[in-house]
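Report on the following structure.
Every number here is computed from the coordinates shown, using simple stated rules; none is lab data. Note that the coordinates shown come from a computational prediction; the quantities given were computed from them, not determined experimentally. For neighbour counting, all protein chains shown are included, and Cβ atoms are generated from backbone atoms with ideal geometry for every residue, glycine included.
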Amino acid sequence: MNRRVFLGSCFAVAAPAFAAPRAEKVEYPVVAPRPLEFPRDHGAHPEYRVEWWYITGWLRTERGEDLGVQVTFFRARGEWQTANPAALAPRQFIFAHAALADAKLGRLRHDQRGGRTGLGLAGADEATTRVWIDDWTLALEGDRYVASVTGKDFAYRLAFRPTMPVLLQGEGGFSRKGEQRHEASHYYSRPHLAVTGSIERDGRREAVTGEAWLDHEWSSQYMASEAVGWDWCGINLEGGGALMAFVMRGEGGGRRWGAATLMLPGAAARTYGPHEVAFEPLRRWRSPRTGATWPVAMRVVVGERRFELAPLMDDQELDSRASTGTIYWEGAVRLAEAGRTLGRGYLELTGYWKPQKV
């Protein structure tokens, strides 16, 4: 869902650059299913307003320490375009967030980048996954994704190898986000990515292994105008299963829409509609930096199942006001049912600091 995520704020950042003579408003909505074609649909879709490639996962160091990892690249097209052919005319913007969830530190290590396309310093290929800002990159190279990031107090170079087929979300990759059909996205996931590589922090480089989840999503309206944010999780279940679930929240926290895909080990994926999915807060944490209160432990209802999410640590708040203009909670979590741990993944919470805007 990513997912995926906050790009309504990107347009506020980018808007002045589009206020030029001969500007023309461009609309390219997602309104119906269409077959996704690979490798083409691993690449960028610049005709749509927003897009993201979103990887989250759990790492294990050589010393047996668990860490969470996030790397996200967003592409944003301005609502207005001009006929100006100049290379500096900003038609597309790229933003990136990267983080390590380090329980010993007690907070996220994170950084962010932003840039506009046109001069080669930032961009997103259309033929396959290759998106970059300066030396931050995410690319599909052969049979694996490779991410390279150097942040303020951490760095990593990680490879993510798919171990199972693409998981289409919603109706064959058409994922509704509200009552109106244009409140939707094209959306697929790649659960159970096998991770290898290295991280650097505190002057020390360490080899890591792990398991991750990738979401790729593109849309022109990823939430209803009445929605204020969402709760989302992507969980790698033990034995090869997967769970994706989200709800879109309205004013006062009420559920406006929801959906889930549950694939149990050895079984076909099953989708669930808006009245079959719920997120129920079990415990909240208040940020000492921003004052925002986040429901960091959740019960996730999917049909008849009742799952519980518990965070690796409470403080996984990510302040992205310098790039996408918002603050959100993106955290490594464990999933359990009836007291038994069944998987690990990530929980994403938006709209608790301030309402998200389309």
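For the charge dipole of the chain, defined by +1 on Lys and Arg C-beta atoms and -1 on Asp and Glu C-beta atoms about the Cα centroid, which residue among Trp52, Ala336, Ala278 has the Cα displaced farthest towards the positive pole?
Ala278
Set the Förster distance to 35 Å, then compute FRET efficiency between Glu179 and Arg157 from the Cβ-Cβ distance, nearest 0.05.
Result of the calculation: an efficiency of 0.20.
Run the numbers for Tyr28 and Ala267: contour at 0.36 nm per residue of separation, minus the present Cα-Cα distance, in nm.
Numbers: separation 239, 0.36 × 239 = 86.04 nm, distance 3.57 nm.
Contour length minus the Cα-Cα distance gives 82.5 nm.
Can you tell me the relative contact order of region 89-130? Whole percent, Cα pairs under 8 Å, sequence separation 6 or more.
Values: 52 pairs, mean separation 16.7, N = 42.
Worked out over region 89-130, it gives 40 percent.
Find the relative contact order for region 208-285 and round it to a whole percent, using C-alpha pairs within less than 8 Å whose residues are 6+ positions apart.
On the way: 126 pairs, mean separation 17.1, N = 78.
Relative contact order of region 208-285: 22 percent.
For region 128-190, taking Cα atoms only, what is the radius of gyration to one decimal and the Dmax to the nearest whole Å?
15.6, 43
Number of Lys-Lys pairs in the chain under 20 Å by Cα, sequence gap 8 or more or different chains?
Values: Lys25/Lys357; Lys104/Lys152; Lys177/Lys354; Lys177/Lys357.
Eligible lysine pairs with Cα atoms under 20 Å apart amount to 4.
Projected onto the charge dipole of the chain (+1 at Lys/Arg Cβ, -1 at Asp/Glu Cβ, origin at the Cα centre), which of His110, Thr150, Pro288 gives the Cα projection farthest towards the positive end?
Value: Pro288.
Taking the Cα centre of the chain as origin, sum charge times position over the Cβ atoms of Lys and Arg (+1) and Asp and Glu (-1), and report the length of that vector in debye to the nearest 20. Spell out each step's value before the answer.
On the way: 46 positive and 43 negative charges, 85 e Å.
Value, rounded to 20: 400 debye.
Could you check how many percent of all C-alpha pairs in the chain are farther apart than 40 Å?
Looking at the chain, the distances longer than 40 Å represent 7 percent of pairs.
For labels at Thr128 and Glu141 in the simple 7 Å Cα→Cβ model, what's the distance in nm?
That separation, rounded to one decimal, is 1.2 nm.
If a/c stays under 1.5 just call it rounded; otherwise compare a/b with b/c (prolate if a/b is bigger, oblate if not). Do that for region 37-174, with a ≥ b ≥ c from the square roots of the Cα gyration tensor eigenvalues. Write out the running numbers ahead of the final one.
Working: a/c = 2.18, a/b = 1.43, b/c = 1.52.
Oblate shape, in that a/c is at least 1.5 and b/c is the bigger or equal ratio.
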